[in-house]
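Structure, as C-alpha cells:
The values are calculated or read from the model by the stated rules, or taken from the named source; none is laboratory data. This structure is a prediction, so every number in the text was calculated from the model and none was measured. Cβ placement follows ideal geometry from the backbone for every residue including glycine, while neighbour counts extend to all protein chains displayed. Surface accessibility is based on the protein's heavy atoms, side chains included, excluding ligands, DNA and RNA. Shrake-Rupley method; radii C 1.70, N 1.55, O 1.52, S 1.80 Å.
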Amino acid sequence: MPFFGFRGGVHPDYNKGATSGKPIEVMPVKEGALYGVPLAQHIGAPAKPLVAKNQEVKAGELIGQAAGFISANIHAPVSGRVVALQSLPHPVSGKTAGIIIEASGEQDEILPVNVSEKFQETVLNAGIVGLGGATFPSNVKLSPPKKVDTLLLNGAECEPYLTCDHRLMLEKTEEIIKGADLIRRALNIENLIIGIEENKADALEAFGKFASSYKFELVPLEVKYPQGGEKQLIKACLNRTVPEGMLPLEVGVIVHNVGTCLAVYDAVENKKPLIERVVTVTGAVKEPKNLLVRVGTPVQDIIDYCGGFLGEPRKVVMGGPMMGFALSNLDVPMMKGTSGILVFREEDLPDLKQCNCIRCGRCVDVCPMGLIPSVMDRFVVREMYESLADWHVMNCIECGCCSYDCPSRRNLAGGFKTSKREVMKVLKAREAEKNG
Amino acid sequence: MADNKFLVSFSPHTRDPLTTDKVMMFVVLALVPSILVSVYVYGFYAVKTYALAVIFCLGLEALFLKIRKLPVTVRDNSALVTAVLLAMNMPPSPPWWLVLAGSFVAIIISKQVFGGLGQNPFNPALVGRVFLLIAWPAEMTSWIEPSTLKSGFMFDAVSTATPLGQIKSEIISSGHIVSTGMADISDLFIGTVSGCLGGDSAIAVLIGGLFLIWKRIIKWHIPFTYLATVFVLTGLYWLISPEKTLNPLQHIFAGGLMLGAFFMATDYVTCPMTIRGQILFGFGCGLLTVVIRLFGGYPEGVAFSILIMNAVTPLIDNYMRPASFGEVKS
Ligand code: SF4
Ligand code: SF4
C-alpha cells in the first residue's frame, strides 16, 4: 500500500515513554464518591435528563436521552443515587448541565444495552460517540447518505503524551478489528484500512497478524502531527482530498478511531453501554497510568488515584497537549471524549511571551490546511471577520501547528477558534444575500 | 483563589523551542564567518565599524522605545541583525557620524516609526545604506585597498575602486572593459577585493547562508532564484558581448549580491511568506539587479533591487494566496 503523506505538520516531542509500556489499569468505583455526568459530552444537542433527584439508578441505566438527530444517549456510569441535577464545570463552555450520582457499595452489575436488529440503533442505544476527541455521535456517522467504499481506522494517536489508543491496540487488538468488521459488514463497505503511526511498532505487529484473516490493509503512518486529523489521514492513506467544508463521506470514506471501534464491538457483542473509557494520566503525577475510568469521575479523583501531583502543578490539560483544554479547577468530570489528563509544572511549560509577528512564514509552512495563519492573525486582532472568511478560516481544523511553530508565540489557533462564530455570521449573511 | 491556581491558556500547550530572539541570534551567528573575513581584511577599521553600528542601533532603539513609553524589546535581537548588516553595507572605514546617521535611518525611520519589529515594509539596513548613498555619496564610496590585519592597524589605507565600480566606469568612458584581472574569481570568492566592509567574501557568506538553510531559518527559494536569475541573465549578455561585462560567475560573486541574496532578500519581514511568492520575489530581485548593473549608471544594484521588491511584497502576499486544503474554485 503506497503512502502519500500530507503537506505541513510538525514534530513535537512525543513524550509517550512514561505510559506507553503500562498496561491499562481499571480505576475502581469508590463507594460514596460523586460522579458528575454532563448531558453534553458530544457534538450536538445535549441529552434530555430522564431521572429525578434522589432516584436510584443502576450502572448502564439510561439517564439522558438523545435529543434530536445529532445527539447521544447518556448512561449512569455507576450504580447509586441521583443527588442533584445541576450544572457542572466544563473545560470549554465553563458550565454545562449534568446529573450527579453518589456511588453505592453495590457495583457488580452493569445493565445491558438494548441490542437492536438495526446496527445503527444499537450504537445509538449504547451512547457511542467518536472517542478520538471530536465526540461526534457515531450512529449519525454510521448512517451515511452516500455510498462508502472505505472504512479507515485511525490508530495514529499523533498527539504527544497520549498512549490510551496505543494500549488499546495492543490489549484489545482482535476486539477492535471485530468492531471494525461489524461496521464494515453493516454498511457493506469493501475496503478496511487501518493506519497506525510507525512509532508504535508493537501495535503494527499485533495488527499485522490479523491482516489476512480479516482482510484489511495495514498502513504504517509517518510520525507527524496531525497525522490523525481525518482529512490528513485520508490524504495520506488514500491520496483523496476531502473538499473544503465537506465531510470524508464526500470522497467515499468513513474514519473511525480505534477506541470507537472497540466501543462498537462492546455494545454489539457484550451489550455494554459507553460508560467508561481509557485515559492517559501523565506528566507531573507520581504514577503515570493508562486508566479505564468511569465517565463522570472528577479529575481530582483520577489524579489522586495516580498518587497525586509530582511537584507544584501549574497547568492541567484535558486531552492532548496540542488540542486539549487547560482546566481552571479539578472538579471537571471525565467525559467520553477525554483521552488524556496531563499535568505540567512551571518548568515544563514553554515561555508564552508574545512579540510581533516577524512574518517568518513558519506557520504557513506547517499549516496542514494550506492556510496563511499570520495574515489571518492580523484579521483576528482587528476583528476583520469578512477578511477572515475570505482567507478560509473556516477550513482551519484548530490543530495548533501554527501556534506550536510560531517563534513570536502568537495565539494563532486560539484566535481562529474564537473568531469562527463571528465568521459564521458573516457567511450566513452572505448566503442570505445571495438567495434573495 | 482556587480558580487562579492553574494557568489557563489556549492550546497548544507545548511549543517549538525556537523563539524570535533565537531566530535573530541564528542570523547573527551565520554572519560570523563574514565578520571574521572583514576583520581579517580590514583589521581595526572593521572592528570599529561593527562596534559603532551595534552601539548606535541598539542604543537608538532602546532610547526610542523608552521615550515612547513602550516595552524595550531590544532583546529580541532584531536590531542586532540590522546593526551587523548595516555595518557590512558601509565602506570599511566610515566616519562615526556616518554610522550614526545610518543607524538612525535604519532603526528609527524605517523600523520603529512603522511600529517596530515585523512592521517595517523595507529592510532597515538597506534603507540605511541607500539613504547614506544618496546623502553622502563621496563618503559612502571611499573604498580602501584590502590589506591584512597588520597593515590595517597601521592606518596605511590606500584608496581604490571596487571591481564592479571600476568596470562600470571603464564601460562608461571607453565602451568596454579595459582592465583585466580586475575581478579575479578566487579573490572575489575569498573576499580580498575592495568593496563594502562585509559580504565581499562569497565563501564566507555562502557558509553562513547554507547554515541558515540547514537550520531551517531561511528557505533556499529566494537565494537560489535570485542568484540563478542573475547568473542566467548576465550569462546571456556576456555570451553576446563579452567585452562589455564580467562573466556570470564574477557577477554572482562580486559586490553585495551574495550577502543580499542570502541575508537581506530573505529578511522575513520584507519578503513574501509563501514559496511561490518567494520564487517570484527572488526572480524579481535578480532581474532588477541585472538591469541596474548592465544598463544603469550605478555599478551595484542589489540594495535598490531588494528595496523595490520589498515594496511589491504585500501585493505578492495578497494575490498569491495558495489554495487552502480541498479548496473548491467558485
Ligand atoms: S510563525 Fe508567527 S512570526 Fe512567523 S509568520 Fe507566522 S505568525 Fe508570524
Ligand atoms: S490551527 Fe488552523 S491555521 Fe493553524 S495550522 Fe492548524 S489548520 Fe492551520
Averaged over the residues of A:322-331, the number of partner chain Cβ atoms within 10 Å of each residue's own Cβ comes to 4
Tell me the trypsin sites (Lys or Arg not before Pro) within the range A:102-165 that lie in a loop according to DSSP and have at most 14 other beta-carbon atoms within 10 Å. A:Lys118, A:Lys146, A:Lys147
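Taking the Cα centre of the range A:113-270 as origin, work out the dipole magnitude from +1 charges on Lys and Arg Cβ and -1 charges on Asp and Glu Cβ, in debye rounded to 20. Numbers along the way, then the final one.
Details: 16 positive and 22 negative charges, 80 e Å.
Charge dipole, the range A:113-270, about its Cα centre: 380 debye, nearest 20.
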Crossing angle, helix B:20-42 versus chain B [Cα axis fit, 0-90 degrees, rounded to tens]: 20 degrees
Cβ under 12 Å from A:Asn54's Cβ, A:Asn54 left aside: what net charge do those residues give with Lys, Arg +1 and Asp, Glu -1? 0
Which net charge results when you count Lys and Arg as +1 and Asp and Glu as -1 among the other residues whose beta-carbon is under 12 Å from that of B:Leu86? +2
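What net charge do the residues around B:Thr270 carry, taking every other residue with its C-beta under 13 Å from that of B:Thr270, with Lys and Arg at +1 and Asp and Glu at -1? Before the final figure, lay out the partial values.
On the way: positive: A:Arg359, B:Lys111; negative: B:Asp267, B:Asp317.
Residues close to B:Thr270 contribute a combined charge of 0.
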J(HN,Hα) series, the range A:256-270, from Karplus relation 6.51 cos²θ - 1.76 cosθ + 1.60, nearest Hz, glycine and proline x: 10, 6, 4, x, 5, 4, 5, 4, 5, 4, 4, 5, 6, 8, 10
I want to verify a result. In a Gaussian network model of chain B, Cα cutoff 10 Å, which of these has the top mean-square fluctuation: B:Phe253, B:Phe131, B:Phe263? B:Phe131
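With each run of n ≥ 4 DSSP H residues scored as -39500 (n - 2.57), what mean residue ellipticity at 222 nm is computed for chain A after dividing by its residue count and rounding to the nearest 500 deg cm²/dmol? Could you put the intermediate results ahead of the total?
Numbers: 14 runs with 124 residues, N = 436.
Estimated from H runs of four or more residues: -8000 deg cm²/dmol.
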Hey, what angle do you get for helix B:44-67 against the long axis of chain B, alpha-carbon based, 0 to 90 degrees rounded to 10? 30 degrees
Signed unit charges on C-beta, dipole axis of the protein assembly as shown, positive-most listed residue B:Val312, B:Leu257, A:Ser116: B:Val312
Buried area at the B-A interface (accessible, heavy atoms, 1.4 Å probe, summed, Å²): 4400 Å²
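Relative contact order of chain B: what whole-number percent is it, with Cα pairs under 8 angstrom and at least 6 residues apart? Numbers along the way, then the final one.
On the way: 507 pairs, mean separation 59.1, N = 330.
Worked out over chain B, it gives 18 percent.
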Prolate/oblate/rounded call for the range A:362-434, Cα gyration tensor, a/c under 1.5 rounded: prolate
Mean accessible area per residue over the range A:113-270 (1.4 angstrom probe, all protein chains present, square angstrom) is 35 Å²
Heavy-atom accessible area of the range B:198-330 with neighbours in place, 1.4 angstrom probe: carbon+sulfur share in percent works out to 74 percent
Which whole-Hz couplings ³J(HN,Hα) result when phi for each residue of the range B:256-267 is put into the Karplus expression 6.51 cos²θ - 1.76 cosθ + 1.60, θ = phi - 60°, listed in order with x for Gly and Pro? x, 4, 4, 4, x, 5, 8, 10, 10, 5, 8, 3
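If a/c stays under 1.5 just call it rounded; otherwise compare a/b with b/c (prolate if a/b is bigger, oblate if not). Do that for chain A, with a ≥ b ≥ c from the square roots of the Cα gyration tensor eigenvalues. Spell out each step's value before the answer.
On the way: a/c = 1.34, a/b = 1.21, b/c = 1.11.
In terms of gyration-tensor shape, rounded.
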Short version: ³J(HN,Hα) in whole Hz for each residue of the range A:284-293, in order, from phi by Karplus 6.51 cos²θ - 1.76 cosθ + 1.60 (θ = phi - 60°), x for Gly and Pro, what are they? 7, 10, 4, 10, x, 8, 9, 10, 8, 10
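Could you tell me the calculated FRET efficiency between A:Lys286 and A:Leu249, based on Cβ-Cβ distance and R0 = 56 angstrom, to the nearest 0.05? Present the calculation step by step, with values, prior to reporting the outcome.
Working: r = 45 Å, r/R0 = 0.80.
It comes out at approximately 0.80.
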Out of the total accessible area of chain A (probe 1.4 Å, heavy atoms of protein only), what percent is carbon and sulfur? 51 percent
Each label sits 7 Å from Cα toward the beta-carbon; between A:Phe309 and A:Glu198 the label points are separated, in nm, by 3.9 nm
If you count, for every residue in A:360-367, the Cβ atoms of partner chains within 10 Å of its Cβ, what is the mean? 6
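Which of rounded, prolate, oblate describes chain B, given a ≥ b ≥ c as roots of the alpha-carbon gyration tensor eigenvalues and a/c under 1.5 marking rounded, otherwise prolate only if a/b is larger than b/c?
Values: a/c = 2.05, a/b = 1.36, b/c = 1.50.
Note, shape of chain B comes out oblate.
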Got a number for the accessible area of B:Asp16? Probe 1.4 Å, square angstrom, nearest 10. 30 Å²
What accessible area, in Å² to the nearest ten, does a 1.4 Å probe give for A:Lys48? 120 Å²
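Relative contact order of chain A: what whole-number percent is it, with Cα pairs under 8 angstrom and at least 6 residues apart?
Relative contact order of chain A: 18 percent.
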Placing +1 on the Cβ of each Lys and Arg and -1 on the Cβ of each Asp and Glu in the protein assembly as shown, which of A:Gly127, A:Leu50, A:Ile196 has its Cα farthest towards the positive end of the resulting dipole? A:Leu50
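For the peptides B:84-93, B:118-127, what is the packing order when you average, over each peptide's residues, the other Cβ atoms within 10 Å and list the highest mean first? Walk me through the numbers on the way to the answer.
Details: B:84-93: 26.6, B:118-127: 23.8.
Per-residue mean Cβ counts within 10 Å order the peptides as B:84-93, B:118-127.
Using Cα-Cα distances under 8 Å and only pairs 6 or more residues apart, what relative contact order does the range B:162-318 have, in percent? Before the final figure, lay out the partial values.
Details: 222 pairs, mean separation 40.8, N = 157.
In percent, rounded to a whole number, it is 26.
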Which whole number gives the average, over all residues in A:305-315, of C-beta atoms from other chains lying within 10 Å of the residue C-beta? 1
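Quick check for you: with a 1.4 Å probe and neighbouring chains kept, what is the accessible area per residue of the range B:162-318, in Å²?
With all protein chains present, the range B:162-318 gives 39 Å² per residue.
Given 0.36 nm per residue, what is the gain on full extension from A:Val92 to A:Asn239 after removing their alpha carbon distance, in nm?
Working: separation 147, 0.36 × 147 = 52.92 nm, distance 3.37 nm.
Extending this stretch completely gives an extra 49.5 nm.
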How far is it, in nm, from the label point at A:Thr418 to the one at B:Trp214 when both lie 7 Å from their Cα along the line to the Cβ? 4.2 nm
Distance from a point 7 Å along Cα→Cβ of B:Arg68 to each backbone N in the range A:328-366: keep the residues under 20 Å and list them by number. A:354-360
